[in-house]
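S.K.: Below are the C-alpha cells for one structure; questions will follow.
The values are calculated or read from the model by the stated rules, or taken from the named source; none is laboratory data. This is a predicted model, so every value here is computed, not measured. With ideal geometry, Cβ positions are generated from the backbone for all residues, glycine too; neighbour counts draw on all protein chains shown.
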Amino acid sequence: MATSYTLATLKAAVIARVEDQGTDFAAELDLLVKKAEDRVLTDLNLEIFDAWGTLTFSNGSRSATLPTDAIKARQVYFLSAGSSVVWMEERTQSYILDYAPTLTTGTPKFWAPYTETALMVGPVPGATPATGQVLHIKRPTSLVTDTSGTWLSKYAGSLLEYAMLVESARHL
C-alpha cells in the first residue's frame, strides 16, 4: 500500500529527515511542497492531469498565452481561417527563429516553450483574433490548499516526500 500524507504529516516527515528545526526552513515548507508537486507532475507525465485549454495568439507577436493553470504544454493546434485545425510541431526556440527570422506573418507551424505563461510560435499568426488549443498538464489542487490530502499525497506519497527532500536540499 502506498504511503499517504496530509500536509502536516508530510511536513513533519521532511523536517525529521533533514533534521532542521529552524523557523527559516519551516517558513518555506509550503513553497517546497508546491515545487515538489510540480516536479512530480512534470516528471511522471501522468495523463490524468491533462486538460485542453484555449491559446490566445497576438497579431504580430511570436508568443501565445497559455491558460493560467498550465504547467507544461504537450500538444498545440492553431485554428486558421474557416476554423480549420493546423496541428503545430514542437521545436526549439532557435529552430523557430531560424525558420521564421522576421516577424512576417503566416500560419503558425511550430511551437516551443517560451516563458512560464507563454509559448513561442512560428511563423507569426496574421489573423486577428487568432486562437488555438493546447493540451497541457493542468495544475491540480495543491496539498497546501487541501491539507487533508490530494491525489498525489494519497497515491504517490513516497514520491512526493522524495521530491520534497530534493527541493529541500536545493533550499538548504
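S.K.: For segment 1-28, enumerate the residues that are of a type in the set (S, T, N, Q) and exposed (fewer than 10 other Cβ atoms within 10 Å of the Cβ).
M.R.: Answer for segment 1-28, where residues must be of a type in the set (S, T, N, Q) and exposed (fewer than 10 other Cβ atoms within 10 Å of the Cβ): 21, 23.
S.K.: Further question on the same structure: Take the residues in segment 148-172 that are part of a loop (DSSP other than H, G, I, E, B) and surrounded by fewer than 17 Cβ atoms within 10 Å (Cβ to Cβ), then tell me which one is modelled with the highest pLDDT.
M.R.: My answer is 148.
S.K.: Can you name every residue in segment 35-59 that is in contact with a strand residue (DSSP E or B) (Cβ under 6 Å, 6 or more places away or on another chain) and small (Gly, Ala, Ser)?
M.R.: Within segment 35-59, 51, 53 meet the criteria.
S.K.: Among the residues of segment 28-52, write down those that are under 16 Å from residue 143 (Cα atoms) and either modelled with pLDDT under 90 or of a type in the set (D, E, K, R) (or both).
M.R.: Selection gives 28, 30, 34, 35, 37, 38, 39, 41.
S.K.: Got a sec? Which of 135, 97 is within 20 Å of the chain's Cα centre (by Cα) and modelled with pLDDT of 90 or more?
M.R.: The conditions single out 135.
S.K.: Follow-up. Search segment 62-77 for residues that are under 20 Å from residue 40 (Cα atoms) and pair each with any residue that is of a type in the set (Lys, Arg) when their beta-carbon atoms are under 6 Å apart and the residues are at least 6 apart or on different chains.
M.R.: 69/138; 69/139; 71/139
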